[in-house]
Amino acid sequence: MATREDNIKKIDTALEAMSDEELEQVAGGTWAETAADSRFLNSLNGSTDRYGALRIAFTPGNKIQDEIKAGWAKVGITFTAHNGAITGNEYYLGEKKITQSEARRHAMEYCHKFMDVKDWDW
């Protein structure tokens, strides 16, 4: 019989393999949004670290969200995670609310590093 940890790894692997469009259909998909932010920001800075949706969901406190919030802040984006909520995460450039895609585009322009989804969605 599989352990709880084994089951979490299987679910996390399945979530990581899903496209953004598929993840938008998952209840509580904002954990997946935050996981995608983790992959994107870490690829942008050359790191191979990342957090999966379930790790974000089951990590006590806001440690991971705070790390991701700090990563967005470095490129001038104000980030608010709504993990586990029906609404998506929020991204602001100055006072203007922008989409996750617009935040990614801004971050790439800010860092002068341009990536396709295949470059960071691993």
Item checked: Among 64-72, 95-103, the order from most to least packed when residues are scored by Cβ within 10 Å on average -> 64-72, 95-103
Next item on the list: Evaluate the distance, in nm, between pseudo-label points positioned 7 Å from the Cα of residue 92 and of residue 14 along their respective Cα→Cβ axes.
Entry: 3.7 nm
Check: Pulled fully out, how much extra length does the chain show between residue 73 and residue 59, if you take 0.36 nm times their separation in residues and subtract their Cα-Cα distance?
Finding: 2.9 nm
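Say R0 is 22 Å: what FRET efficiency, to the nearest 0.05, do residue 82 and residue 109 get from their beta-carbon distance? Please report the intermediate quantities before stating the final value.
Numbers: r = 25 Å, r/R0 = 1.15.
Efficiency, from the Cβ-Cβ distance: 0.30.
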Notebook entry, point to check: What lysines could a cross-link reach from residue 113, if we take a straight Cα to Cα line under 17 Å and drop same-chain neighbours fewer than 8 places away?
Noted result: 74
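Bear in mind that the values in this text are calculations on the coordinates, not laboratory data. These numbers come from a predicted model, not from an experiment. Note: ideal-geometry Cβ built from the backbone for every residue, glycine included; neighbour counts use all protein chains shown.
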